[in-house]
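Just below is one structure, and these are the notes that go with it.
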Amino acid sequence: MRITDNLDTLLNVLPPHIKEVLEAANQGEKLLEIVMDLGRTPEARFTDHEMILSEQEISREDLDYVVQRIGRFMGDNRAGIERTLHRISAIRNRQGKVIGLTCRVGRAVFGTVDIVKDILESGQSLLLLGRPGVGKTTLLREAARTLAEKKRVVIVDTSNEIAGDGDIPHPAIGRARRMQVADPSLQHEVMIEAVENHMPEVIIIDEIGRQLEAEAARTIAERGVQLVGTAHGITLENLLMNPTLADLVGGIDSVTLSDEEARRRGTQKTVLERRAPPTFDVLVEIQDRQTFAVRHNVAHAVDMLLRQRPISPEVRYRNEAGEIKIERPPEPVKSNNRPLPFVKQKNDDQIQGESQRYTAESTELPEQKILAPQNVYPYGVGQNRLRQAIKTLGVPVSIVNSVEEADVLITLKSYYRKHPAPITQAERLGKPVYVLRANTSIQMENCLADIYALSAEEMDPQAVAIRETQSAIHKVLSGRRSVELTPQSARIRREQHEMARQANLVSHSMGREPYRRVRIYRDASPGRGS
């Protein structure tokens with residue numbers, strides 16, 4: 001990948017005593033932003049650390065020095081430097097005076113879009129989701145340049161961050177055209193204007209954040225124009241819980257099911273359903289600058305999530321050699337051809353140097369039972385409570401939608417007495433039928449304990465955590481890049497780290513108490529904690 005950052009131009013607008021320290025540090029390729037707040041010491045933030053630039057506190061003269069050398073601040077309190085991609089954001093006091101500046105380095109990274117290039121060229125509308133600073137705009141800029149080689153592309157550039165400040169757009173967008181937005185509140189109007197006046201085949205939008213912008217995006221998509229946009233968030237779940245942006249993936253409505261349908265689903269009569277087709281066909285969750293989770297069918301992903309049967313996304317990442325790797329989610333496994341846990345999935349050439357400690361052919365952890373996965377068909381049983389019971393016990397259970405796929409059927413005593421068709425079918429096929437006296441989590445936990453013949457000791461939290469860790473180690477050894485475990489106490493986390501170490505894997509703790517948890521990696525990652 002080739003990177004263009006025009007860093008010298010940004011350094012030239014900074015006060016001399018700050019510029020000299022940054023030049024001496026010689027870490028320009030890692031620099032993310034410079035923070036200057038009135039009455040505080042200036043600070044530089046790099047990709048791997050932060051640095052105090054001077055013991056001299058920032059004065060109004062320092063702030064004025066920068067403001068006089070950059071473009072004009074607009075309604076979103078953002079300014080730029082002409083013909084560059086740098087962004088300077090202001091913090092103002094109640095009188096409107098600038099009392100703080102965040103000078104963010106803008107970079108054009110050529111080649112970064114290769115990881116999703118096939119999706120862009122398919123003509124499907126693509127939404128990039130990620131937290132601030134993860135590289136959404138950089139990817140969007142490169143997408144505009146790539147698409148503009150073959151299509152008519154118009155960028156709606158609200159903050160001049162995609163194509164840079166000034167009237168002449170930055171060369172990084174290639175042949176794409178750029179429309180500037182006079183005021184952030186007018187972004188939705190410029191989006192519609194771009195379609196009506198300039199006949200684009202592709203519209204590029206950065207930071208969709210308001211209801212009017214979400215509605216404008218839907219209008220554009222319904223006119224047959226490909227959309228490529230970004231929004232703040234981490235996962236699809238975050239987007240659905242955001243009332244402003246949920247419409248981008250179809251929105252949510254509460255609906256009432258018939259008695260028969262509610263019984264078939266094993267849910268309450270009032271459930272959440274997708275309201276409309278999604279505005280975007282494909283969703284990419286940017287986990288970090290090199291790792292992307294791709295949901296190719298947003299409509300299906302939303303439907304499954306609302307039914308509390310989330311499906312795993314496709315994971316794409318660049319390895320240390322710069323090669324793009326794709327990990328597709330596993331296909332649903334039929335009960336008559338289901339691999340046992342901890343069976344070796346790859347040959348020795350594919351898993352070079354990885355420990356086989358946890359494969360079926362080798363020694364297992366002492367005194368730890370290996371649980372075979374089970375497909376369960378719940379008939380009339382509350383699926384939310386059943387999923388909670390599965391999570392509490394840490395057993396490998398998948399909930400399926402038909403008797404044919406199931407290994408076990410679970411139902412309530414009131415339904416079993418009537419002997420409806422699914423129960424009759426299960427008995428005819430010789431599948432075990434477990435009957436609960438009541439629709440409670442305790443009854444479900446006891447039922448799952450019977451299915452797996454778990455003793456009281458095997459149902460305690462430590463045993464559950466050990467089983468979860470075993471499963472995670474197997475997944476990583478089988479090719480997954482990383483697996484995040486559920487939060488545990490420091491004592492259990494230490495055991496989980498030790499299990500990962502014995503398997504020649506890397507682990508580290510993340511998050512804050514009481515939600516601190518372990519993540520297990522296949523390759524080198526941040527150091528372990530407790």
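The values are calculated or read from the model by the stated rules, or taken from the named source; none is laboratory data. Keep in mind the model is a prediction, meaning the values are calculated, not measured. Note that we place each Cβ from the backbone using ideal geometry, even for glycine, and neighbour counts take in every protein chain shown.
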Quiz item: Looking at segment 164-202, which of its residues are modelled with pLDDT of 90 or more and either β-branched (Val, Ile, Thr) or part of a strand (DSSP E or B) (or both)?
Solution: Ile168, Ile173, Arg177, Arg178, Met179, Gln180, Val181, Val190, Ile192, Val195, Val202
Practice problem: Would you check if there is a residue in segment 380-388 being in contact with a Phe, Trp or Tyr (Cβ under 9 Å, 6 or more places away or on another chain), surrounded by fewer than 17 Cβ atoms within 10 Å (Cβ to Cβ) and within 25 Å of Asp460 (Cβ to Cβ)? | Solution: no
Exercise. Mind listing whichever residues of segment 391-408 are surrounded by 15 or more Cβ atoms within 10 Å (Cβ to Cβ) and among the small types (Gly, Ala, Ser)?
Key: Gly394, Ser398, Ala406
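To keep it simple, each residue is scored yes or no on (1) surrounded by 14 or more Cβ atoms within 10 Å (Cβ to Cβ); (2) touching a Leu at 6+ places or on another chain (Cβ under 6 Å).
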{"site": "Lys418", "(1), (2)": "no, no"}
{"site": "Thr424", "(1), (2)": "no, no"}
{"site": "Met444", "(1), (2)": "yes, yes"}
{"site": "Ser455", "(1), (2)": "no, no"}
{"site": "Pro487", "(1), (2)": "yes, no"}
{"site": "His497", "(1), (2)": "yes, no"}
{"site": "Val506", "(1), (2)": "yes, no"}
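Do we find that Thr256 is without any contact (Cβ under 8 Å) to a residue 24 or more places away in the chain and of a type in the set (Ser, Thr, Tyr) in this structure?
On the way: without any contact (Cβ under 8 Å) to a residue 24 or more places away in the chain: yes; of a type in the set (Ser, Thr, Tyr): yes.
So Thr256 passes the test.
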Quiz item: Cβ-Cβ below 9 Å, separation at least six or inter-chain, first residue in segment 131-143 and assigned by TED's automatic domain parsing to the domain that holds Arg289 and over 17 Å from Gly164 (Cα atoms), second assigned to a loop (DSSP other than H, G, I, E, B) and among the charged types (D, E, K, R): which pairs?
Solution: Val134/Arg289
Self-check item: Residues satisfying the stated conditions in segment 203-240, i.e. more than 16 Å from Leu128 (Cβ to Cβ) and assigned to a helix (DSSP H, G or I)
Solution: Gln211, Leu212, Glu215, Ala216, Arg218, Thr219, Ile220, Glu222, Glu237, Leu240
Quiz prompt | Odd one out for Ile155, checked against (1) surrounded by fewer than 16 Cβ atoms within 10 Å (Cβ to Cβ); (2) closer than 28 Å to Val249 by Cβ; (3) out of contact with any Gly (no Cβ under 8 Å at 6 or more places or on another chain) | solution = (1)
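Hey, among Val228, Val255, which residue is surrounded by fewer than 22 Cβ atoms within 10 Å (Cβ to Cβ) and either among the β-branched types (Val, Ile, Thr) or not assigned by TED's automatic domain parsing to the domain that holds Val271 (or both)? Talk me through it step by step, then tell me what you get.
Details: Val228 fails: surrounded by fewer than 22 Cβ atoms within 10 Å (Cβ to Cβ).
The match here is Val255.
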Quiz item: Can you tell me which residues in segment 466-521 are modelled with pLDDT of 85 or more and of a type in the set (Phe, Trp, Tyr)?
Solution: Tyr521
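Hey, could you check segment 27-54 for residues that are of a type in the set (S, T, N, Q) and more than 33 Å from the chain's Cα centre (by Cα) and say which is nearest to Ile88 (Cα to Cα)?
Of the residues in segment 27-54, the ones of a type in the set (S, T, N, Q) are 27, 41, 47, 54.
Okay, now just the ones that are also more than 33 Å from the chain's Cα centre (by Cα), so 41, 54.
On the way: Thr41: 18, Ser54: 20 Å.
Filtering segment 27-54 for residues that are of a type in the set (S, T, N, Q) and more than 33 Å from the chain's Cα centre (by Cα), the one nearest to Ile88 (Cα to Cα) comes out as Thr41.
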Quiz item: Among Ile52, Ile58, Ile91, which is without any contact (Cβ under 8 Å) to a residue 60 or more places away in the chain, under 19 Å from Leu10 (Cα atoms) and either basic (Lys, Arg) or surrounded by fewer than 12 Cβ atoms within 10 Å (Cβ to Cβ) (or both)?
Solution: Ile52
Quiz prompt | Top-ranked residue of segment 273-323 - restricted to ones that are of a type in the set (Ser, Thr, Tyr) and part of a loop (DSSP other than H, G, I, E, B), ranked as farthest from Glu222 (Cα to Cα) | solution = Ser312
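Could you pull out the residue among Glu201, Glu149, Glu196 that is acidic (Asp, Glu) and without any contact (Cβ under 8 Å) to a residue 24 or more places away in the chain?
On the way: Glu201 fails: without any contact (Cβ under 8 Å) to a residue 24 or more places away in the chain; Glu149 fails: without any contact (Cβ under 8 Å) to a residue 24 or more places away in the chain.
None of the others qualify; the one that does is Glu196.
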Exercise. Could you check, for segment 461-470, whether at least one of its residues is touching a helix residue (DSSP H, G or I) at 6+ places or on another chain (Cβ under 6 Å) and farther than 30 Å from Tyr521 by Cα?
Key: no
Practice problem: Kindly indicate the residue of segment 308-321 that is buried (at least 17 other Cβ atoms within 10 Å of the Cβ) and of a type outside the set (A, V, I, L, M, F, W, C) and also farthest from the chain's Cα centre (by Cα) among those meeting that condition. | Solution: Arg318
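Among the residues in segment 457-465, are any under 26 Å from the mean Cα position of the chain (by Cα) and at pLDDT below 85? Walk me through how you get there before you give the answer.
At the first step, the residues of segment 457-465 found to be under 26 Å from the mean Cα position of the chain (by Cα) are 465.
If we keep only those that are at pLDDT below 85 too, we end up with 465.
Yes, segment 457-465 contains a residue that is under 26 Å from the mean Cα position of the chain (by Cα) and at pLDDT below 85.
Condition check: modelled with pLDDT of 85 or more, in the same structural domain as Lys117 (by TED's automatic domain parsing) and touching an Asp or Glu at 6+ places or on another chain (Cβ under 8 Å). Does Arg295 satisfy that? Let's see the steps before the verdict.
Details: modelled with pLDDT of 85 or more: yes; in the same structural domain as Lys117 (by TED's automatic domain parsing): yes; touching an Asp or Glu at 6+ places or on another chain (Cβ under 8 Å): yes.
Judged against the criteria, Arg295 is a match.
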